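Input: a single structure, listed below in structure tokens.
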Amino acid sequence: MKTITLGIHGGAGRLGRRILALALEDARFSLGAVMVREGSAAQGQDVGVLAGAGPVGLLTTAKTDDLLSCDVVIDVSSPAAGAKLATFLASSGQAKLVTGTTGWNPSEDKVLSEAATRLALLRTGNFSLGVTALVRQVRENAARLGQAWGVHIHDIHHSAKKDAPSGTALMLARAVSQGWAEDTDPLCLPVGAALPVPPKACEIVITAQRQGDIVGIHDVYFYGPGETLCFSHQAQSRDIFAQGALHAAHWLFDKPAGLYGMDDVLSPTGAASG
Ligand SMILES: NC(=O)c1ccc[n+]([C@@H]2O[C@H](COP(=O)([O-])OP(=O)(O)OC[C@H]3O[C@@H](n4cnc5c(N)ncnc54)[C@H](OP(=O)(O)O)[C@@H]3O)[C@@H](O)[C@H]2O)c1
């Protein structure tokens, strides 16, 4: 396969810098453009230096047009900036888009779905292969146990995280609802609120905690009559997301327009394809 020209949108952020650092060492990719917010302190900086390595001769840009030279763009910025980018790429018909941004509102969700009719677009609240497997497991388990079991999802993240509940907690709630084959909106308690009583049958409750520098912990409890089942995932390093984002970009490179998720990236054997 040819070397993929990669763009990164949100390249100066916590996750963007790790994607950048790993992409610089990954022979599958060459960097086309790394975009930062207009006026950012990182604007015009050498991308190698931004990644914590030596200079590589490519400077960050604040011009969206510079992303048009790329085969695939990875977006890890904000929902407002990500939605604008999706519309821009869909109308240009050039680069494909992987977005890991979270916290989308319903109108931004609509923008992404509309863009995916013209653009190969992969979106996920979690790039980790472990969480991707967990989502599948939770969906299958909900289908097997049925709605007699109530579900509690607990998300713990670092205190700088802007959205709550996490995109992953919402993905897990959607997986339960898909397993039940019934649209069920989760009850999202405010950050720091404890679960007052175990959820009843047919209920999905999400609690969220923000503290320290925790990369990400998700626990999913199924409460049945007289028994509890728990699935858990802990991210120890932000690099699992960065590595997953690169797997996703590599996978999406030759795909036609459409909306994809990380589940599509996992091969039937459970290993990341590509
Ligand atoms: N899917 C996953 O696996 C996963 C994992 C971790 C995080 N996330 C999500 O990914 C997103 C980024 O996370 P993070 O921790 O890296 O946050 P972050 O450190 O706040 O990074 C976001 C970056 O995007 C930049 N940005 C904002 N508007 C922009 C624009 N118009 N053009 C270019 N860059 C722009 C910000 O610049 P300024 O700071 O200058 O505004 C910042 O550098 C969040 O939504 C987070 O929840 C997803």
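The values are calculated or read from the model by the stated rules, or taken from the named source; none is laboratory data. Quick caveat: nothing in here was measured; it's all calculated off a predicted structure. Because the Cβ atoms are built from the backbone with ideal geometry, glycine has one as well, and the counts that use them run over all protein chains shown.
At a glance:
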item: In region 191-218, the residues that are closer than 10 Å to residue 156 by Cα and touching a Gly at 6+ places or on another chain (Cβ under 7 Å); result: 209
item: Residue ID - surrounded by the most Cβ atoms within 10 Å (Cβ to Cβ), chosen from residues in region 107-152 that are within 17 Å of residue 184 (Cβ to Cβ) and of a type outside the set (A, V, I, L, M, F, W, C); result: 152
item: Top-ranked residue in region 1-16 [being surrounded by fewer than 22 Cβ atoms within 10 Å (Cβ to Cβ) and within 15 Å of the ligand (Cβ to nearest atom); ranked as nearest to residue 239 (Cα to Cα)]; result: 15
item: Spans of strands (runs of 3 or more DSSP E) in region 68-150 with at least 3 residues assigned by TED's automatic domain parsing to the domain that holds residue 172, over 24 Å from residue 1 (Cα atoms) and away from the ligand (no atom under 14 Å from the Cβ); result: none
item: Test result for residue 56, farther than 14 Å from residue 8 by Cβ, β-branched (Val, Ile, Thr), at pLDDT 95 or above and surrounded by fewer than 17 Cβ atoms within 10 Å (Cβ to Cβ); result: no
item: Flag if residue 52 is more than 14 Å from the ligand (Cβ to nearest atom), assigned by TED's automatic domain parsing to the domain that holds residue 252 and part of a strand (DSSP E or B); result: no
item: Scope region 182-240; condition free of Cβ contacts under 8 Å to residues at least 12 places away in the same chain and touching a helix residue (DSSP H, G or I) at 6+ places or on another chain (Cβ under 7 Å); matching residues; result: 183
item: Which listed residue is modelled with pLDDT of 95 or more, buried (at least 18 other Cβ atoms within 10 Å of the Cβ), closer than 27 Å to residue 166 by Cα and of a type in the set (Ser, Thr, Tyr), from 64, 99; result: 99
item: The listed residue being within 16 Å of the ligand (Cβ to nearest atom), over 17 Å from the mean Cα position of the chain (by Cα), over 21 Å from residue 19 (Cα atoms) and assigned by TED's automatic domain parsing to the domain that holds residue 244, out of 39, 44, 32; result: 39
item: So residue 26, is it acidic (Asp, Glu), more than 9 Å from the ligand (Cβ to nearest atom) and modelled with pLDDT of 95 or more; result: yes
